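S.K.: Mind having a look at this structure? Questions to follow.
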Amino acid sequence: MKTALRDLALFGGPVVFAEPLHVGRPNIPDRDGLMKRVAEALDRGRLTNFGPLVREFEARVAEVAGTRHCVAVCNATVGLQVLICAAGLRGEVIVPSFTYVATPHALWWEGVTPIFCDIDPETGNLDPAQVARLITDRTTGILGVHVWGRPCAVDELRALADEHDLQLLYDSAHAIGCGKAGRPVGSFGRAEVFSFHATKFVNAFEGGAIVTDDDALAARVRSVHYFGFDDGGDVVSVGTNAKMNEISAAMGLTSLDHLPGLLARNRANHERYVRGLAGVPGVRVREPAPDEVSNHQFVTVDVDAGTAGFDRDALAAVLRAENVLVRTHFDPCCHRRAPYRDRPEVHSPLPLPHSEALSSRVMQLPTGMSIEDHHIDQICEIVRLCSTLGPAVSVKGSLRDL
Ligand code: T4K
C-alpha cells in the first residue's frame, strides 16, 4: 500500500498495475455466441447489404430506443452525416462545443455551419437558455448531445424547437440504454444516432444506428445510407454507402444479448467508485439525477482544484503513471480545436465559460467488464493518498508533460 509521495510511480515508486487499465476497453461478453453467429453468416454467404443479422440488430435497437424505425450504419459519425443530409439541415445548427469532434465534423462535412453553444455545468449538456439566445433566421436545427449518457434538457429543447420551427436531433453516441422520466434515449428527438464503436459498452466493432418515429425521415435515411436507392430499386437522391455489415451486427447482437449483465456490471463499478471516493475533498464522481437511468459506461470524476489542492491534470498524471489510462473527454472543447478555432463563422457572440471550465475539470476512470473490484479499490486508494498529500502531487506538472 502506498502511503507517501515517494511511493507514487510519478515520483519514483513502483507502478501499481502491471497491465494498463483502459477507458474504453471493449466488452466481449460471449465469445462463443459471437463465433456461432459469425460462422452462420459465413455459411449463408450473406456478408452485407441487409442480411438477417443487420435486420435483427435494427429491430433490437429500435426496441431498446422505443422507436418504430432503426437504420444500422457503419459508425455514428457517418450516421450523423446521413441523418443531417436526410433531414435536410442547412445554414446553421446549434451544437455544444463540449462534445467529441465527430458532432461538429458531421455538420461541417454536410455543408452545415455548427454554432457552438455553452452547456449546463451540472449535466454537461446544451443549456436551453443559451440555445435560445443563438437562434437566428439562419438556424435550421439543434443538435444536442447526451454527454456521458445523461439525457439533455429534452422538454426545454423541444419547446424551443417547436417555437422556432427547428429540427431537433440528438447525438446519442454515449446513451444506449439511458433514459429520463420513464422514456428511453432515442425517443426524444426527431431522430437520434447511437454509436457502437469498440470503446462503447455495447459494441459492434464499429457501428452506429439512426432511430426515429418519423416514417418519411426513416425512408430518406434508409435511402441516403444506401447510395440513394429507394425501395423500388431506383436511385432517387445522392446517397452514400453507410451500411453496417453482418459481422458487426453479429457482435452488436451478442452485446445486446448481454445488455442486462453489462449494465449491472457498469452500475456496480460506478457505485464502488462513488463509495471509494466519498468524502475526498474536491473530488466527485458525477451521478445521474433521480429521474434518469444511466448506462454508467463513463465514470466521470470532477476535480475542484481549489478544494482538492491539485487540479485534474495533476491527478490524471499520477494515475497514468500507475498505468490507469484515464481519458479527459472533452479537452479541449471543439471550438478550441484546429479546424474550428480560426473560423469566425462557428463562434457565437456568446462566450462558453462552462464548456471551458468543465473540460479542464473532468476525467474518465476505467470501467466495464475488464475492471475488477480490486482495481477500483486500488484506484480509489491512490486518489485518497493524493488527497492527503494535497499540492505536493502537482509538482511533476500535468498530463500533457507525460
Ligand atoms: N458523438 C460522440 C459524442 C462521440 O463521443 C463519438 C465517439 C461519436 C459521436 C462518433 O462515434 P463513432 O463514429 O466512433 O461510432 C473514442 C472512440 O474512438 C470514439 O468512438 C468515441 N466517441 C470517443 C469519445 O472515444 P478514443 O480516442 O478514446 O479511442 P481510443 O482508440 O484511444 O481507445 C480508448 C482506449 O480503449 C485505449 O486506451 C485502448 C482501448 N481500446 C480501444 C480500441 C478501439 C482497446 O483496448 N481496444 C480497441 O479495440 O476515442
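The values are calculated or read from the model by the stated rules, or taken from the named source; none is laboratory data. Computed from a predicted structure; not experimentally measured. We place every Cβ from the backbone using ideal geometry, glycine too, and count neighbours over all the protein chains shown. Accessible surface is based on the protein model in full, side chains and every heavy atom, while ligands, DNA and RNA are left aside. Shrake-Rupley method; radii C 1.70, N 1.55, O 1.52, S 1.80 Å.
S.K.: Of V280, V95, V54, which is the most mobile in a GNM of the chain whose springs link Cα atoms less than 10 angstrom apart?
M.R.: So, out of V280, V95, V54, the one fluctuating most is V280.
S.K.: Could you tell me which GluC sites (Glu not before Pro) in segment 310-402 are loop residues by DSSP with no more than 14 other beta carbons within 10 angstrom of their beta carbon?
M.R.: Taking segment 310-402 and a limit of 14 other Cβ atoms within 10 Å, the loop GluC sites (Glu not before Pro) found are E372.
S.K.: Provide the per residue accessible area, probe 1.4 Å, for segment 210-308, rounded to a whole number of square angstrom.
M.R.: Numbers: 4140 Å² over 99 residues.
Value for segment 210-308: 42 Å² per residue.
S.K.: Given 20 °C and 1.002 mPa s, compute D for the chain with the Stokes-Einstein relation, Rh being the Kirkwood radius over Cα pairs; round to the nearest whole µm²/s.
M.R.: Diffusion coefficient, whole number: 97 µm²/s.
S.K.: OK, next. Which length gain, in nm to one decimal place, applies between R138 and A219 when the Cα-Cα distance is subtracted from 0.36 nm times their residue separation?
M.R.: 26.5 nm
S.K.: Moving on to the next point. Over segment 310-402, give the accessible area per residue in Å² for a 1.4 Å probe, as an integer. Walk me through the numbers before you get to the answer.
M.R.: On the way: 4060 Å² over 93 residues.
On a per-residue basis, 44 Å².
S.K.: In the P(r) worked out for segment 240-308, what percent of Cα pairs fall beyond 15 Å?
M.R.: Above the 15 Å cut-off, segment 240-308 has 66 percent of its Cα pairs.
S.K.: For segment 64-151, what value does the Rg/Rh ratio take when both radii are computed over Cα atoms and Rh is the Kirkwood radius, given to two decimals? Let's see the in-between values first.
M.R.: Numbers: Rg = 13.2 Å, Rh = 13.7 Å.
Computed over Cα atoms, the ratio is 0.96.
S.K.: Related question: For segment 1-129, report the accessible area per residue in Å² (1.4 Å probe, heavy atoms, rounded to an integer). Numbers along the way, then the final one.
M.R.: Details: 5790 Å² over 129 residues.
Normalised by residue count, the accessible surface of segment 1-129 is 45 Å².
S.K.: Two decimals, Cα atoms only, Kirkwood Rh: what is Rg/Rh over segment 159-279?
M.R.: Values: Rg = 17.8 Å, Rh = 16.7 Å.
Result: Rg/Rh = 1.07.
S.K.: Principal axis extents for segment 1-61, Cα atoms only, whole Å, descending order, please.
M.R.: Per principal axis, max minus min of the Cα coordinates gives 60, 22, 17 Å.
S.K.: Which cross-chain or sequence-distant (5 or more) residues have an amide H under 5 Å from the amide H of R327, H modelled 1.01 Å from N in plane?
M.R.: Q364
S.K.: In a shell of Cβ-Cβ distance under 15 Å around R384, excluding R384 itself, what net charge do Lys and Arg (+1) and Asp and Glu (-1) give?
M.R.: Result for the local shell: 0.
S.K.: Let me ask something additional. What value does segment 116-217 have for Rg/Rh, both radii from Cα atoms and Rh as Kirkwood defines it?
M.R.: We get a ratio of 0.97 for segment 116-217.
S.K.: Also, I was wondering about something else. Give me the dipole magnitude in Debye, nearest 20, for segment 323-402 about the Cα centre, with unit charges on the beta carbon: positive for Lys and Arg, negative for Asp and Glu. Please list the in-between numbers first.
M.R.: On the way: 9 positive and 9 negative charges, 74 e Å.
That gives a dipole near 360 debye.
S.K.: Report in % the part of the accessible area of the chain that belongs to carbon and sulfur, leaving out ligands and nucleic acids; probe 1.4 Å. Show your work: numbers first, answer last.
M.R.: Numbers: 8600 of 16620 Å².
Of all accessible area on the chain, carbon and sulfur atoms account for 52 percent.
S.K.: Something else: Work out, step by step, the length gained on full extension between D377 and R337: first 0.36 nm times the residue separation, then minus their alpha carbon distance; give nm to one decimal. Display every interim value, and only then the final one.
M.R.: Numbers: separation 40, 0.36 × 40 = 14.40 nm, distance 3.55 nm.
Contour length minus Cα-Cα distance gives 10.9 nm.
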